């Protein structure tokens with residue numbers, strides 16, 4: 001089995017990430033492994049180029065690990081085992097939290113046409129849970145699932161906060177998961193693969209504490225209470241935030257290759 005490990009980075013991988021990467025154990029079934037780094041500030045396109053390389057190189061599995069994720073040594077072993085146990089699964093991902101420890105990076109009931117409909121899926125212990133989308137901080141993808149899709153594989157939302165005058169690219173991971181689900185494939189969250197998310201500015205690793213099974217083993221949603229983000233039991237009667245969407249065209253421009 002051939003594995004490609006893809007690393008999208010802004011150019012300055014964190015030391016905790018590098019230390020964890022060096023400790024990763026390869027699954028026993030992997031007979032050939034390679035590593036590929038794409039640098040830039042357009043993570044959806046970086047993921048796209050990594051995915052295309054996995055297909056072109058004839059890889060069987062593609063692992064993607066972000067440069068601020070602190071993966072446990074057995075992460076790849078456990079994620080590959082989860083895929084092997086579920087032939088319909090195209091992707092398995094680790095459990096990790098946003099850098100502020102506010103929320104786990106996985107969703108259920110997620111819809112790209114109204115992202116406010118999403119909830120946080122139930123998970124506990126070392127169980128594998130079926131989800132609608134998972135953050136791509138640490139995932140393993142079957143490359144045959146990529147081959148079944150048309151290029152480009154990835155797209156992105158551009159989030160605009162007019163009040164704060166902030167723009168950021170997001171949701172390329174959840175949008176990709178949505179494509180997989182539309183193709184009849186399954187997306188898995190492995191709650192037993194617990195990865196840290198390093199915050200460069202504060203030099204801390206999220207989450208500050210891992211939640212108990214009693215807290216996580218239920219459907220939840222994100223709400224704003226007293227100016228703070230909180231996770232509470234899901235309630236369809238709670239008013240959702242207004243979301244406005246409009247198309248915004250982007251085009252990939254390729255640098256000319258030197259034929260010399």
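FYI, it's all coordinate maths here, none of it is from the lab. Everything numeric in this text was worked out from a predicted model, so none of it was measured. Neighbour counts run over all protein chains shown; Cβ positions are idealised from the backbone, glycine included.
State, as an integer percentage, the relative contact order of the range 122-217 based on alpha-carbon contacts under 8 Å between residues 6 or more apart. Each step should come with its number before you reach the end.
On the way: 108 pairs, mean separation 39.1, N = 96.
Normalised by residue count, the contact order of the range 122-217 is 41 percent.
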If one puts a single equal scatterer on every Cα of the range 17-149 and applies the Debye formula without solvent, what log₁₀ I(q)/I(0) results at q = 0.09, 0.15 Å⁻¹?
-0.27, -0.80
The range 1-45-the range 69-106 distance, computed between alpha-carbon centres (Å):
14
Ordered by packing density, taken as the mean number of other Cβ atoms within 10 Å over each peptide's residues, highest first, how do 246-258, 84-96 rank?
84-96, 246-258
Comparing 136, 234, 176 in a Gaussian network model of the chain (Cα, 10 Å), the one with the largest mean-square fluctuation is 234
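Provide 212, 117 in ascending order of the number of other Cβ atoms located within 10 Å of each residue's Cβ, fewest first.
Numbers: 212 9, 117 15.
Starting with the residue having the fewest Cβ neighbours, the order is 212, 117.
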If you build a Gaussian network model of the chain, linking Cα atoms that sit under 10 Å apart, which residue out of 30, 166, 232 swings the most?
166
Relative contact order of the range 1-70, please, whole-number percent, based on alpha carbon pairs below 8 angstrom and at least 6 residues apart.
58
Length-normalised contact order for the chain - Cα pairs under 8 Å, 6+ apart - percent:
22
Only Cα pairs within less than 10 Å get springs; with that Gaussian network setup on the chain, which residue of 97, 159, 174 has the largest fluctuation?
159
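Per residue, how big is the convex hull of the range 131-175 when only Cα atoms are used? Give it in Å³.
Working: hull volume 4.3 nm³, N = 45.
Residue-normalised Cα hull volume stands at 97 Å³.
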Taking only the alpha carbons of the range 2-233, the radius of gyration and the largest Cα-Cα distance, Dmax, both in angstrom, are 16.8, 53
